[in-house]
Amino acid sequence: MAASSELGKDKLTWMYTQMCRIREFEERVKRTFVEHPGVIRGHAHLGDGAEASIVGSLATRHENDLVMPSYRCHGYPLVLGTSAKAVMAEIYQRKTGVCKGFGGSMHLADPAHHLPTASGIIGQGIAHAAGAAYAAQVKKTGQVVYSFFGDGSSKQGAFYETLNMAAVWKLPVVFVLENNEYQAYTHIKLEDANAIAGDPLSQKAKAFSIPGATVDGTDPLKVYDAVNEAAERARAGKGPSLIESKFYRFSPHGNAITVPPVPTQFQEHEAIEVYGNKAEFAAAQANDPIKKFRAHLIGAGVVTEADAKKIEDFVRTEMDEVVKFALESPLPAPEDALNYVYA
Amino acid sequence: MAREMMFAEAIAVAITEEMQRDPSVVFYGQNMAMTDRDPFVRKFGKDRVRITPISETAEMGIAIGAAMNGLRPIVELYMAEFMLVAFDEVINEAPRLRYMSGGQVKVPCVFKAGFGFAAGWAGQHSNCTYHAMMGIPGLKVAVPSTSADAMGLMRAAIRDDNPVVYLHHYMLTIDKGPVPEGEHIVPFGVADIKREGTDVTIVATAWMVKKSLAAAEQLAKEGVSAEVVDPRTLAPLDIDTIVESVKKTGRLVLVDQAPRHASAAAVIAGEVAEHGFEYLKAPIKMVTALNTSVPYSEPMESYVLPSEEKIVSAVKSVLARHAAAV
Ligand SMILES: Cc1ncc(C[n+]2csc(CCOP(=O)(O)OP(=O)(O)O)c2C)c(N)n1
Ligand SMILES: [Mg+2]
């Protein structure tokens, strides 16, 4: 793909639209806990704050490239072309969901749109991504696999084992380490040796002698350029890279963990709830990737204020319909549970 | 005098009091002890109470090493499934080392984890994995069902000189129950009769005890007297108490949240078939999860898991079986 400076109006507008769609979708998920308690069960993790990182990364994809996110997976399928209705319906436990109500928020899967699966267990999806890249290498499909995982996940054995093996085998995979400064309730300064030493997490790449870069994950164009370079390198048979994309998640880790029938909602962000650090949270909000990209596009004359509003209205209408569809969809039949145990 | 305590609180009190009693007890895990305001950090300091990265292999492996060098670590793992990424430490390191050293070392540590969260956590966070651990010689497995047992078994686990997997059921977290005053300890390997009865024995652990007691209550209204036995630890497993109960009732229903072949029920059924066959008036009946992963959507999740209704109808079926025979 071309450098971000060569991206035309259509692509840039598409990128802004996708970022708005992710934000609006996640807002609706969050609101569901208030407006329709019980409709979402278990644990849901939102991608608000990650929009630039997700869209900047996925904008570099070629047609058949695969994407393997973590359990914080709502945003990716929306960008890949999965019906937002089917994603919401899944989160709402519906038969019309993209996994027919079997997986839920943490386990979205839509192989038809290049997202094979998402694992709820930390780090394990990193290996699955490398495995998909191995298949691409053997079958010479030309695919690159995009692996997304959190800063916290880079402390799991699977991360080290997989990056080493991917480097040895020169697998066509791009590892995007999404550094949002937290693993659940734990601040990165409490658990990452690089962060404690004041070093970037991309330094971990050195352990495997592969390229490592840290990028401003609140700027979709910067993400685009870094991921694009890594993807082209992978496509050229030169092996994996590690991109550390730095952004902040605006919602807490997930909805509060409660035992039914105690209702659950999203509380305050951990910065405030656990660490009493309002300044950190306020600074992150002032650096909102969507607002920044909007201002950039208008400033650069790519879109007008009216164009931007039109996109935002369009997205709100779309998500109204998405919620309506999901709410009105039927639940699976109890006996459906017996399906899909074996292929 | 008993005091009322929530299940989770009873566990925390046991850990706190054991840490006060024994300075070699340390406690660490992910997403705990994040600030100096944490009650454990305040009481015991940051040498003994620590936060860890998401590194289960290191967390449990370090506990094993520390245990061999004089500490008694408790590792907070949150969900039992998170142990699976480091299962070697649980089943092929901790319980093997003493034996392989010819009895020279001991590995006193507690792997504490919640399980069975049947609340929409879907396929990777709601399972029961005890079957894989209860048959490993050298490893002990506790599965409390009440606040009192939760406290007493945690105390016993910490004092035990062997590695213990301490499994607390998520669905019981905020249930309240009486806990005896003082240093309440529940010894491992001693089942508890949670309800006495004469017509049928129901054996269950953890959340399934609660469901079985509710079923027994319903059955009582219909004139059926069910005895509910809770083994409390799966390793060691108190088969004697179960067989004694079967001797009295002549019928056995086993309730287990795991799928049939991954259940503790299957093991207990085998033991009773060997040691209590002559007392049985009807075949043993197992009420387990159906043979699927745990689905996300509620109607499907309820369908695959044991329920009060399924327990009641299982009991009726073993009673009917006898009636037909006489
Ligand atoms: C092996 C394992 N251990 C622990 C967990 C519990 N857990 C779920 S999400 C999470 C935090 C992950 O943080 P990070 O990788 O930074 O991703 P983020 O949520 O910030 O996107 C943890 C510890 C898990 N799912 N799997
Ligand atoms: Mg993170």
| Of B:272, B:255, B:304, which residue is closer than 20 Å to residue B:216 by Cα and open to solvent by less than 10 Å² (accessible area, probe 1.4 Å)? | B:255
| task | Name the strands (runs of 3 or more DSSP E) wholly inside segment B:54-161 in which the number of residues that are of a type in the set (Gly, Ala, Ser), within 16 Å of ligand 1 (Cβ to nearest atom) and under 30 Å from residue B:299 (Cα atoms) is 1 or more. | result | B:110-115
| field | Boolean, residue B:312 is within 26 Å of residue B:120 (Cβ to Cβ) and crowded, with 18+ Cβ neighbours inside 10 Å | value | yes
| said: Restricting to segment B:17-41, name every residue that is within 16 Å of ligand 1 (Cβ to nearest atom), within 18 Å of residue B:111 (Cα to Cα) and assigned to a loop (DSSP other than H, G, I, E, B). | reply: B:30, B:31, B:32, B:33
| query | Taking the condition more than 14 Å from chain B (Cβ to nearest Cβ), at negative phi and assigned to a strand (DSSP E or B), does residue A:34 pass? | reply | no
| query | Is it fair to say residue B:79 is in the same structural domain as residue B:51 (by TED's automatic domain parsing) and either among the charged types (D, E, K, R) or out of contact with any strand residue (DSSP E or B) (no Cβ under 7 Å at 6 or more places or on another chain) (or both)? | reply | no
| said: Looking at segment A:152-168 only, could you name the residues that are in contact (Cβ under 8 Å) with a residue 60 or more places away in the chain and either within 16 Å of ligand 2 (Cβ to nearest atom) or open to solvent by 10 Å² or more (accessible area, probe 1.4 Å) (or both)? | reply: A:153, A:167
| Counting only residues that are of a type in the set (Asp, Glu) and more than 30 Å from residue B:304 (Cβ to Cβ), which one in segment A:301-343 is nearest to the other protein chains (Cβ to nearest Cβ)? | A:321
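Report yes if residue A:118 is small (Gly, Ala, Ser) and over 19 Å from the mean Cα position of the chain (by Cα), otherwise no.
On the way: small (Gly, Ala, Ser): yes; over 19 Å from the mean Cα position of the chain (by Cα): no.
So residue A:118 fails the test.
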| request: State yes or no: is residue B:186 among the aliphatic types (A, V, I, L, M) and either within 14 Å of chain A (Cβ to nearest Cβ) or in contact with a helix residue (DSSP H, G or I) (Cβ under 6 Å, 6 or more places away or on another chain) (or both)? | output: yes
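Here's a check for you: in segment A:300-309, which residue that is more than 10 Å from residue A:17 (Cα to Cα) and not polar (S, T, N, Q) is most open to solvent (accessible area, probe 1.4 Å)?
Among residues in segment A:300-309 that are more than 10 Å from residue A:17 (Cα to Cα) and not polar (S, T, N, Q), the one most open to solvent (accessible area, probe 1.4 Å) is A:309.
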| note | Conditions (1) within 14 Å of another protein chain (Cβ to nearest Cβ); (2) open to solvent by 30 Å² or more (accessible area, probe 1.4 Å) -> residue B:131 fails only (1)
| message | Can you tell me which condition residue B:102 does not meet? The list is (1) free of Cβ contacts under 8 Å to residues at least 40 places away in the same chain; (2) more than 14 Å from every other protein chain (Cβ to nearest Cβ); (3) open to solvent by less than 20 Å² (accessible area, probe 1.4 Å), and all the others hold. | response | (3)
| request: State whether the residues of segment A:41-63 include one that is open to solvent by 10 Å² or more (accessible area, probe 1.4 Å), within 14 Å of another protein chain (Cβ to nearest Cβ) and more than 16 Å from ligand 1 (Cβ to nearest atom). | output: yes
| field | Long-range neighbours under 6 Å by Cβ, at least six apart or interchain, first residue modelled with pLDDT under 95 within segment A:1-22, second part of a loop (DSSP other than H, G, I, E, B) | value | A:1/A:60
| message | Show the residue pairs meeting these rules: Cβ distance below 8 Å; 6+ apart or different chains; first residue within segment B:15-44 and buried (at least 19 other Cβ atoms within 10 Å of the Cβ) and of a type outside the set (A, V, I, L, M, F, W, C); second residue at pLDDT 95 or above and part of a helix (DSSP H, G or I). | response | B:18/B:154; B:18/B:155; B:18/B:158; B:18/B:159; B:28/B:59; B:29/B:59; B:30/B:59
| So residue A:166, is it over 28 Å from residue A:286 (Cα atoms) and of a type in the set (Gly, Ala, Ser) | yes
| query | Mind checking whether some residue in segment B:153-170 is within 30 Å of residue A:118 (Cβ to Cβ) and either open to solvent by 10 Å² or more (accessible area, probe 1.4 Å) or modelled with pLDDT under 95 (or both)? | reply | yes
| note | Checked segment A:150-182 for anything assigned to a strand (DSSP E or B) and either farther than 23 Å from residue A:289 by Cβ or away from ligand 1 (no atom under 14 Å from the Cβ) (or both); matches are A:173, A:174
| field | Residue match in segment A:131-150 (condition: within 16 Å of ligand 2 (Cβ to nearest atom), in contact (Cβ under 8 Å) with a residue 40 or more places away in the chain and among the aromatic types (Phe, Trp, Tyr)) | value | yes
| task | Please enumerate the residues belonging to segment B:1-58 that are at the interface with another protein chain (Cβ under 9 Å from one of its Cβ atoms) and polar (S, T, N, Q). | result | B:30, B:31, B:35, B:52, B:55, B:57
| query | Of the residues that sit in segment A:169-182 and are within 16 Å of ligand 2 (Cβ to nearest atom) and of a type outside the set (D, E, K, R), which one is nearest to the other protein chains (Cβ to nearest Cβ)? | reply | A:182
| Residue tally, condition away from ligand 1 (no atom under 16 Å from the Cβ), surrounded by fewer than 24 Cβ atoms within 10 Å (Cβ to Cβ) and in a helix (DSSP H, G or I), over segment A:112-131 | 3
| query | So which residues in segment A:82-111 are within 14 Å of residue A:25 (Cα to Cα), part of a loop (DSSP other than H, G, I, E, B) and not β-branched (Val, Ile, Thr), if there are any at all? | reply | A:83, A:92, A:105
| said: So residue A:136 ticks every box in (1) open to solvent by less than 10 Å² (accessible area, probe 1.4 Å); (2) in a helix (DSSP H, G or I); (3) hydrophobic (A, V, I, L, M, F, W, C); (4) within 13 Å of chain B (Cβ to nearest Cβ) but one. Which box is left unticked? | reply: (4)
| query | Hey, residue B:285 hits all of (1) touching a helix residue (DSSP H, G or I) at 6+ places or on another chain (Cβ under 8 Å); (2) open to solvent by less than 20 Å² (accessible area, probe 1.4 Å) but one; which does it fall short on? | reply | (2)
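The values are calculated or read from the model by the stated rules, or taken from the named source; none is laboratory data. As the structure is a prediction and not an experimental result, all values here were calculated from the model. Positions of Cβ are generated from backbone atoms using ideal geometry, with glycine treated the same way; all protein chains shown enter the neighbour counts. These accessible areas exclude ligands, DNA and RNA; they are computed on the full protein's heavy atoms, side chains included. Shrake-Rupley method; radii C 1.70, N 1.55, O 1.52, S 1.80 Å.
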